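A short write-up of the structure that comes next.
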Amino acid sequence: VVSNRQPYRHEYDTASEDSGGDGDRSTGTSSITVDEPTGGLTAGLDPVVQASEGTWIAWGDGEADFDVADDDGCIAVPPDDESYTLQRIDLSEEAVDSYYYGFSNRVLWPLCHGFVDLVENRSNDFEWYRTVNERFADAVAEHAEADSIVWVQDYHFGLAPRMIRESVPRSTTVAQFWHIPWPTPASFQHCPAGRAILQGLLGNDLLGFHVDRYVERFLDCVERYLPGADVDRTQRTVAYGGETTRIVATPMGVDAPTHDGNARAVESDQLSSLFDRYDISRENVIGLGVDRLDYSKGIPERLAAIERLLERNPGWHGEFTFLQTATPSRTDIDAYQRHGDLVRSEVTRINRRFGTDDWEPIVYTEDYLSNEELSGLYRRADLMVVSPLVDGMNLVAQEYVAASVDGDGVLVLSEGTGAHERLGSHALTIDPTDVDGFASQLEAAVTMAPRERQRRMNTLRNRVFDGDLEWWMETQFDWIRRVHADKRRDGGA
Ligand code: ADQ
C-alpha cells in the first residue's frame, strides 16, 4: 500500500518516562508512543495488509525511527503483533511545503473540486511533487516482486503509478483509488502538467473512483488532452503506451457495524457532559454539521440557510440549536485561513443577530471529537446537514446513518456529494447555493413526522450497511484480482 498518511505514528517522548496507553514501548529512560490507525481507510486497510504480510509506504517523520526502524527506515507493525512492514518516507520541510501544501493541495485539490480560481501554481511545486512521487516509486520498486499487488491511494500520487510500472516486474499489478472528484475537461485544462498527470495515472492497471460521473469525466479528459490514447467507453478501458488501464466506479462506504455499535454503547451521561461542555439545552431540536474546515464543504452556505430558517421561524428561537464541529486543516494555505475567518465571523454575526442571554442558535467548535463522542452526537442529532458544494464521496453522511440506531434522524444531503448518488432519494436533497430551497429543506427536516423519519432512515440504513467499508474493500480486491488474472492470461507473468 502506498499512501500519504501513515497507519501508525511513533512519537518519541523523552519527557514522560512512564506515559501509559495502548502500544506504548518503553526504551530505557524514554518511551515511544504508538498511535493506532483511526481514520476510516487507514483502519480498514490495516487488517488487509496484516493478512498479506505486505509493506505500507507512507510519509512519516523519521524522528522516532532511530530506536525502532532498521537501516532502511522499515518498522514492523502493529506494535503488539508485528505482521507487516511500515516504510516511512521522511520528507524535508521544503518537500512537504511543495508536494503536500503545494501541488497536492494548492493545485490538484481545488482543481478537482472545480475551484479553478483557487489554484495556485507556485514555481517548484510540481518539480517537488515529481521528486516525492519518484521517492515513493523507488521504495515500491525495492519491495515489489513478481505477482505483487501495489495499491496506491489518492491524489498525492498522480505520477507514481507510471514510475512504478516502469520499474517493477510486468506481472506486478498496480492499482490506485482516487478519493476526490475528477474534474470536467473545462476545469482540467487549467491543470499545470495535466498531460503528465494523465500519463502517470495510466501507469495503473486499475484506477478507481467513487462514482460513474468521475469515471466519465476522466475518460473525457483522456480523449481531449492525451493524443494517442485509445478510450473504450463500453469496457471503460484506456490503452496507452502499450498498457491498458481499466477505470471503475466503486463508492467507498464506512465501517457501519462499528458506528452502529459505538452509538448503542454511548451512555447518557457521556452525552450530557458533551452538551454541558457546549452549553446546549438537552430539550432542543439539534441540528449537526461535522466537517474538516475546508472551502469545499459548504459551511458558509449552511450558515446562510440556518439564518434564513431563523428569519422565517421566530417561534423556533430558543428551541433549535445547530452544533457545527469544524476541524482546521491545511492551515498553512491562505485560502484555508480566509475560509476559516469567514466561517467564524458568520457564526458570530448570526449569533449576535438572533442569540439571547441563554441561547445561541449556532454552537461552533473546532475540537476534534473522539469516535465515541461523534457516535453519541450522531445518534442524538435530529437532523444532520451535509452540504458540500462538491465532495468526492463524503463519509460523514454515511457515519450519521450508521449511528442513527433509533431510526429517527433526518439526513439533509447536498447533490454535490458522491454520497448523494446512493443516498439522495431517501435523504432531503439540497443545492447548497440555493438559500431559500436549502432553508425549506431544513424546515421539512425539523417538522417531519416520526413515521416518515423512520421510513426514510430504514432505507438509508439498508443502503449504508449494504455498501459498507467491507463491501468496498471486497469490491476493490475483486477488481484487482480480475485485472491481475487478465494480465497473467495475456502473458504478463
Ligand atoms: P474528507 O474530505 O476528509 O475525505 P469525509 O469523507 O467527510 O471528508 O471524511 C471526514 C472524516 O473525518 C470522517 O470520518 C469524520 O468522522 C472525520 N471528522 C470530521 N470532522 C471531525 C471532527 N470534528 N471530529 C472528529 N472527526 C471528524 C476525502 C474526500 C471525501 C471522501 C473521503 C474518503 O474528500 O469525499 O469521502 O476522502 O474517500
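The values are calculated or read from the model by the stated rules, or taken from the named source; none is laboratory data. Everything quoted here is computed from the prediction, not taken from an experiment. FYI the Cβ positions are ideal-geometry reconstructions off the backbone, even for glycines, and counts take in every protein chain you see.
If you check residue 129 against the conditions, is it touching a His at 6+ places or on another chain (Cβ under 9 Å) and buried (at least 23 other Cβ atoms within 10 Å of the Cβ)?
Details: touching a His at 6+ places or on another chain (Cβ under 9 Å): yes; buried (at least 23 other Cβ atoms within 10 Å of the Cβ): yes.
Considered against the rule, which asks whether it is touching a His at 6+ places or on another chain (Cβ under 9 Å) and buried (at least 23 other Cβ atoms within 10 Å of the Cβ), residue 129 comes out as yes.
Within the bounds of segment 125-139, is there any residue that is within 30 Å of residue 296 (Cβ to Cβ), of a type in the set (Gly, Ala, Ser) and in contact with a Lys or Arg (Cβ under 9 Å, 6 or more places away or on another chain)?
yes
Has segment 393-408 got any residue that is within 18 Å of residue 303 (Cβ to Cβ), at pLDDT 95 or above, away from the ligand (no atom under 13 Å from the Cβ) and not in a helix (DSSP H, G or I)?
Checking segment 393-408: not a single residue is within 18 Å of residue 303 (Cβ to Cβ), at pLDDT 95 or above, away from the ligand (no atom under 13 Å from the Cβ) and not in a helix (DSSP H, G or I).
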task: Considering each of 177, 209, 188 in turn, give the residue that is crowded, with 23+ Cβ neighbours inside 10 Å and within 24 Å of the chain's Cα centre (by Cα).
output: 209
query: Could you count how many residues in segment 112-140 are farther than 15 Å from residue 157 by Cα and not β-branched (Val, Ile, Thr)?
result: 10
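Restricting attention to segment 397-415, which residues are more than 15 Å from residue 457 (Cβ to Cβ) and either among the aromatic types (Phe, Trp, Tyr) or buried (at least 24 other Cβ atoms within 10 Å of the Cβ) (or both)?
The one that is more than 15 Å from residue 457 (Cβ to Cβ) and either among the aromatic types (Phe, Trp, Tyr) or buried (at least 24 other Cβ atoms within 10 Å of the Cβ) (or both): 414.
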query: Somewhere in segment 339-352, is a residue touching a residue at least 24 places away in the same chain (Cβ under 8 Å) and within 11 Å of the ligand (Cβ to nearest atom)?
result: no
message: Between 387, 329, 375, which is within 13 Å of the ligand (Cβ to nearest atom), surrounded by fewer than 19 Cβ atoms within 10 Å (Cβ to Cβ) and closer than 27 Å to residue 43 by Cα?
response: 329
message: I need the full set of residues from segment 136-156 which are within 16 Å of the ligand (Cβ to nearest atom) and in contact with a strand residue (DSSP E or B) (Cβ under 6 Å, 6 or more places away or on another chain), in order please.
response: 151, 152, 153
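Table: residues versus (1) touching a Gly at 6+ places or on another chain (Cβ under 8 Å); (2) on the phi > 0 side of the Ramachandran plot; (3) surrounded by fewer than 22 Cβ atoms within 10 Å (Cβ to Cβ).
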{"site": "87", "(1), (2), (3)": "yes, no, no"}
{"site": "92", "(1), (2), (3)": "no, no, yes"}
{"site": "95", "(1), (2), (3)": "no, no, yes"}
{"site": "113", "(1), (2), (3)": "no, no, no"}
message: Quick test of your reading of the structure: residue 367 fulfils all but one of (1) under 26 Å from residue 404 (Cα atoms); (2) buried (at least 20 other Cβ atoms within 10 Å of the Cβ); (3) within 15 Å of the ligand (Cβ to nearest atom). Name the failing condition by number.
response: (2)
- prompt: Quick one: is residue 117 touching a residue at least 40 places away in the same chain (Cβ under 8 Å) and over 20 Å from residue 53 (Cα atoms)?
  reply: no
task: Answer yes or no: is there a residue in segment 468-488 that is within 20 Å of residue 323 (Cα to Cα), part of a helix (DSSP H, G or I) and at pLDDT 95 or above.
output: no
task: Go through segment 418-461 residue by residue and tally those that are exposed (fewer than 14 other Cβ atoms within 10 Å of the Cβ), among the acidic types (Asp, Glu) and outside any helix (DSSP H, G or I).
output: 1
- request: Filter segment 237-248 down to residues that are in contact (Cβ under 8 Å) with a residue 12 or more places away in the chain and either hydroxyl-bearing (Ser, Thr, Tyr) or under 16 Å from residue 470 (Cα atoms) (or both) and give me whichever is surrounded by the fewest Cβ atoms within 10 Å (Cβ to Cβ).
  value: 244
statement: Within segment 257-300, residues touching a Leu at 6+ places or on another chain (Cβ under 9 Å), away from the ligand (no atom under 16 Å from the Cβ) and in a loop (DSSP other than H, G, I, E, B) come out as 282
- prompt: In segment 171-201, how many residues are away from the ligand (no atom under 16 Å from the Cβ) and either of a type in the set (A, V, I, L, M, F, W, C) or free of Cβ contacts under 8 Å to residues at least 24 places away in the same chain (or both)?
  reply: 9
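Residue-by-condition table, conditions (1) of a type in the set (Ser, Thr, Tyr); (2) away from the ligand (no atom under 16 Å from the Cβ); (3) within 25 Å of residue 245 (Cβ to Cβ):
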{"site": "415", "(1), (2), (3)": "no, no, no"}
{"site": "425", "(1), (2), (3)": "yes, yes, no"}
{"site": "433", "(1), (2), (3)": "yes, yes, no"}
{"site": "474", "(1), (2), (3)": "no, yes, yes"}
{"site": "482", "(1), (2), (3)": "no, yes, yes"}
Selection count, segment 133-152, where residues are surrounded by fewer than 23 Cβ atoms within 10 Å (Cβ to Cβ) and touching a Pro at 6+ places or on another chain (Cβ under 9 Å): 5
